[in-house]
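Below you'll find the structure, written out as structure tokens, and then a few comments.
Quick note: the coordinates plus some simple rules give every number you see, no bench work behind them. This is a predicted model, so every value here is computed, not measured. No Cβ is skipped: glycine too gets one built from the backbone with ideal geometry, and neighbour counts run over all protein chains shown.
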Amino acid sequence: MSFRDISALGLLLGLGVLLITVLVHFPFSGSNLTGVGSSINALAAKEIGTANIVTSVLLAYRGLDTLGELMILFVAATAAGMVLAQSPEEDALSLQKLNSFPAAGFVLRVATHVLFPFLLLLGAYIIIHGHLTPGGGFQGGAILAAAFFIPVLTTPAGPFAHQTSSLVEGLAGSSFIIIGLLALFGQGSFLAPLGSPGVVGELFSAGSVPLLSAAIGIKVGSELAGLLARFIQA
Amino acid sequence: MMGPILLIILPFLGAFLLPIIYRHYNQAGYWAAPVVLVISLVICIGLWHGVNIVGPQSLVMGGVSAPLGIVFYVDALSILFVLVLLVGSLILWLGAWHRRIKEEMLLLLMVGGGSGLVLSGDLFNIYVFFEIVAVASYGLSASRRGDPCGYAASLRFLLLGSLGSAFILLGIAIIYALTGTLNLSHLAMLAPQALHGMAGLSAFALMLIGFAVKAELFPVNTWVAEVYAHAPVRISALLAGIVSKLAIIVVLRLLLLLYAHEQAYMLLLCIGVAGLITGELAAFYAKDLRRMLAYSSIGQLSVIAIAFSIPGTLGVVSGLALALHHALVKTGLFMLTEKWKGSISSLQGMAHSAKWPSVLLIIFALSLIGVPPLPGFWAKFLLFKAGFSAGGGYSYAMLLILLSIIIEAAYFFRVIHLLYQTPAASSTPLIPRNKELQPMLVISGLLLLVMLTIDPIYHHLSKIATQVVDVQAYIDHTLPAWKSTH
């Protein structure tokens, strides 16, 4: 056994002991809970106006965390874009390679065109109902990304508008921050809920929460589509 | 007061808009990122003054007060490290300037995330900002194109870092399950009953492992040498000098607020001692200049961890002094290796052709070893004062640190000795251009400034330390009278 193996074994043993300690000493009864969660459950519908409590936590009580998650996705996409970015010669080479891929058959290509509006509709629906039903910006955004990415899969040599996707991405991301800043200047607190909660369960309710959902959805959609297209071309 | 949130939002907004600005106004894009940093710096200095006059402040996010919402705590410590981050990234931006949009975006995101990391008063929020900093640093460490070793190193960094992040998340989940809250001051109130059992301490150990990946502590610092040897030198300087300090400041906060418990202090001490021994020995045997600096940075960060593991104000003061000193000096040393990468032996006789860089290297090295009257001496002096007065196991740790200073002196003097030998016949002089020396000159200027103002700086640091140690003040500022409605 080499020194490397022994130290790896020691590390694993230590981790095992740590995790077993947690399991042994963990009070599974939950008697120590402080009631933060139940308070949010009781207050969310009244204060924020969302029927979906999860969304009220994501976009109102802990909106800054969601902005952070958005930034993590953005950092990851930017870093991947940087690593995968190519010089013009490499670009020409990979374009040649892509051109040698035959486009998918007639059925797949037509199905893509047929699917496209439905995917857009489903994505938009999930995004704008984020404050009412399970779902919201991240999930709907992933569906929007699929709508734009499936055509790239069926015709790899087709164009993908990287410029437009990064423009949309930047603008949608900044609009999330700008809504937050409006709250900062209007209400004195970053990402404070704007507008009145309205009637719980209606489409137009919960103040600025649906706007934030929409910003997240558009941002995530353009980002994921751009990233996936980048993977195919690299 | 909206300054603290702007410190985070402005870099983020800048990163979103940078590609758009570059596309339409190339010249404006060239200046956009530095302008954002300078504005942040101005805001930060304003906050620094404010905090010095009126004391710590809290800032509620999302219009919901703690513990339901997220709260920021702005005290002298957090502002100090935001200042270090901003000044550091501006200094690293001096001199060579590349029009690489993605790297600028990543750097801005790292600055925004790092500011949030030290300002936030919410455990999960800290994790989110830590992730931003972490992912940005994986990307930046792979930003030199066409270097397979660099890609491999940053991939390993990414794997280890993701594992660490998973541990942090697990630790946070355990804490949430034990207490039902994520707010640091709420947790600080509950800590003595809820978190000082075995399950709570295991959560601390898990989080410590996670933050230790960035803080270069034992045993999750295996990525350090490889990444610093292959990443662009500015990135190595940023990661070793500044980002590692942000991670260790978070550890300090958790330790003081949630785990002011003997076993937690002992855990940090043990990790520090193990890192010190392995780091300094590895530096002694290193053949490559950048790897030597990387291992020495592991050793130095372990010393900072040891300092923070000493309970009470003295330990915190010495740890802060060591952290600030290391942030200056290691950044400078890494910047010097822009041209001097590779084996140490290739430096033979370099002092004859590159006078100024050699002089700078000697100043930085002497300060790092702790030769009076350079600032490094005072930082180590404070540490010994704190350590020996704490007694017990700390005295042995201090003896070990004394020994490590001898090892440190041995390997730095070996390099300096090589610099002043007669040059080898076949060598080509690798002289850094004058423009590349600008950041180092700024740093050595700062170092001399610190040397002349040791006394006021010491008083300021002890003021910061008394503020940081005061847990009750933290709770009073961030947690208003709160009644749960369940």
With point charges of +1 on the Cβ of Lys and Arg and -1 on the Cβ of Asp and Glu, referenced to the Cα centre of the protein assembly as shown, which listed residue (A:Ile216, A:Gly195, B:Leu163) lies farthest in the positive direction of the dipole?
B:Leu163
Within segment B:62-125, list the chymotrypsin sites (Phe, Trp or Tyr not before Pro) lying in a DSSP loop whose Cβ has at most 15 other Cβ atoms in a 10 Å radius.
B:Trp97
Under the 7 Å Cα-to-Cβ spin-label approximation, B:Tyr396 and A:Leu11 lie apart by a distance in nanometres of 2.6
Whole-angstrom gap from segment A:156-172 to segment B:325-371, using each part's C-alpha centre
45
By how many nm would the segment from A:Leu93 to A:Gln163 grow when fully extended, if each residue of separation counts as 0.36 nm and the alpha-carbon distance is taken off?
23.2 nm
On a full-extension model of 0.36 nm per residue, what is the gain between B:Cys270 and B:Asp455, subtracting their alpha-carbon distance, rounded to one decimal in nm?
63.4 nm
What's the ranking of B:292-301, B:151-160 by average number of surrounding C-beta atoms within 10 Å, highest first?
B:292-301, B:151-160
Could you give the spread of the C-alpha atoms of chain B along their three principal axes, from largest to smallest, in whole angstroms?
81, 63, 43
Shielding by partners for A:20-28, please: the mean number of other protein chain Cβ atoms within 10 Å of each residue's Cβ.
5
In debye, nearest 20, what is the charge dipole magnitude of segment B:3-478 about its Cα centre with +1 on Lys and Arg Cβ and -1 on Asp and Glu Cβ, if you could check?
1260
Which trypsin sites (Lys or Arg not before Pro) from segment B:191-291 combine a DSSP loop assignment with at most 14 other Cβ atoms within 10 Å?
B:Lys287
Radius of gyration and Dmax for segment A:3-233's Cα atoms, expressed in Å?
22.8, 66
Euclidean distance of C-alpha centroids, segment B:1-73 and segment B:264-295, integer Å
35
Once every DSSP H run of n ≥ 4 in chain B is given -39500 (n - 2.57) and the sum is divided by its residues, what mean residue ellipticity at 222 nm do you get, rounded to the nearest 500 deg cm²/dmol?
-25500 deg cm²/dmol
Violating pairs (Cα-Cα greater than 22 angstrom) within the set B:Lys287/B:Lys339; A:Lys46/A:Lys219; B:Lys245/B:Lys287; B:Lys355/B:Lys380; B:Lys385/B:Lys463; B:Lys245/B:Lys330:
A:Lys46/A:Lys219; B:Lys245/B:Lys287; B:Lys355/B:Lys380
Averaging sequence separations of C-alpha pairs under 8 Å and six or more residues apart, then dividing by the length of chain B, give the relative contact order as a whole percent.
15
Relative to the Cα centre, what is the charge dipole magnitude of chain A, using +1 at the beta carbon of each Lys and Arg, -1 at the beta carbon of each Asp and Glu, and rounding to the nearest 20 debye?
220
Computed magnitude of the charge dipole of the protein assembly as shown (debye, nearest 20; Cβ of K, R +1, Cβ of D, E -1):
1120
If we count every other residue with Cβ under 14 angstrom of A:Val57's Cβ, Lys/Arg +1 and Asp/Glu -1, where does the sum land?
-3
Pair B:His417, A:Phe101: separation of 7 Å Cα→Cβ label points (nm)
6.0
If I model a spin label at B:Gln438 and A:Glu202 as a point 7 Å from the Cα along the Cα→Cβ vector, what separation in nanometres do I get?
5.9
Helix runs (DSSP H) in chain B reaching 24 Å along axis by Cα, Kyte-Doolittle at least 0.5:
B:3-24, B:26-54, B:76-93, B:101-119, B:123-141, B:148-179, B:198-215, B:262-285, B:289-308, B:313-336, B:393-419, B:434-452
For a quick check: sort A:Glu89, B:Glu216, B:Glu436 by the number of other beta carbons within 10 angstrom, fewest at the front.
A:Glu89, B:Glu436, B:Glu216
Over segment A:3-233, calculate the relative contact order: mean separation of alpha carbon pairs under 8 Å at least 6 apart, over the residue count, as a percent.
27
Within chain A, which is the longest segment that contains none of the chymotrypsin sites (Phe, Trp or Tyr not before Pro) sitting in a DSSP loop with at most 12 other Cβ atoms within 10 Å?
A:29-203
Using alpha carbons only, how many angstrom separate the centre of segment B:163-215 from the centre of segment A:195-227?
32
